[in-house]
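Take a look at the structure set out below.
The values are calculated or read from the model by the stated rules, or taken from the named source; none is laboratory data. It should be emphasised that the depicted structure is a prediction, and the values quoted were computed from it without experimental measurement. Ideal geometry is used to build each Cβ from the backbone, glycine not excepted, and the neighbour counts take in all protein chains shown. All accessible areas refer to the heavy atoms of the entire protein, side chains included, with ligands and DNA or RNA removed. Shrake-Rupley method; radii C 1.70, N 1.55, O 1.52, S 1.80 Å.
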Amino acid sequence: MLIAVWLGAVSLAAPADDALAALMKGQPDVAVRLLRGSRDAPGLSLLSRAYVGQSLFISSGDERHKLYAAAESAARAALAADTRSAEAHVELANALGLQLQGAGAVQAARTGLEIRTLFQQAVELDPAQARAWMGLGTWHAQALGLGALVKLATGANEATMRACHQRAITLVPNEVFFRLSYADSLLLLAKNDAPRAATLRREARGLLESALALTPQTFWQQYDQTLVRERLRALP
């Protein structure tokens, strides 16, 4: 299953400050260039995220998948450097999820469980890791969207999905993408629950409107608000 990826700011040591600043300005290629020699978990985790950022500017599917693979490699190196890095767990989960596009059911199920485990480990290591809570919420929504058998096999449920998304928003209330991600999860549920579809879409609209009311502080928050506007225009 696929996951949503947030490219918001993180706290890093001084050597990575320039790379982080470049990424927040929408210059992931600069961040990659500055971080390629990283050996520590924070730098490698940010490198993984920068590769994902680069993919958003690429139209070729093959080139995007090369960047996803590079993101996975950097995230695995970050995890090897520090097995207790919550950021490294999140980046690896994100990189794995991005590579599931077009995957078969067996691979999707196997990797999907690994992704959930990585997010769960991240919040155990750092309960304030908002991106991991968002990832868990998205994971539950996407598992629910795959039908009753997957729901039964994985233990995915709507209450947990909601709680995880709400936790992420509570931790970082001014992040556009967390509200967008929650709305997307509700819209996914609406596609598979006709009796509740209208109610779920109304709830999603409220989240999207609240995301649009936030003042963007970075390139990525502006980018995410563009996606919010697209979702609102597509709503019936």
Q. Which of the peptides 153-166, 72-85 is most tightly packed, and how do the rest follow, judged by the mean count of other Cβ atoms within 10 Å per residue?
A. 72-85, 153-166
Q) How high is the relative contact order of segment 46-85, in percent, counting Cα pairs under 8 Å that sit 6 or more residues apart? A) 43 percent
Q: Report the local net charge at Ser45: Lys and Arg +1, Asp and Glu -1, summed over other residues whose C-beta lies under 10 Å from its C-beta.
A: -3
Q) Taking every eigenvalue of the Cα gyration tensor of segment 93-217, multiplying by 5 and rooting it, what semi-axes result, largest first, whole Å? A) 23, 19, 12
Q: Report relative contact order for the chain in percent, whole number only (criteria: Cα-Cα under 8 Å, sequence separation at least 6).
A: 16 percent
Q: Sort segment 16-148 into rounded, prolate or oblate with this rule: let a ≥ b ≥ c be the square roots of the eigenvalues of the Cα gyration tensor; rounded if a/c is under 1.5, and if a/c is not under 1.5, prolate when a/b is larger than b/c, oblate otherwise.
A: oblate
**Q.** Neighbourhood charge, 11 Å Cβ-Cβ cut-off, centred on Arg179 and excluding it, Lys, Arg +1 and Asp, Glu -1
**A.** -3
Q: State in Å² the accessible area per residue of the chain; use a 1.4 Å probe, count heavy atoms of protein chains only, and round to the nearest integer.
A: 46 Å²
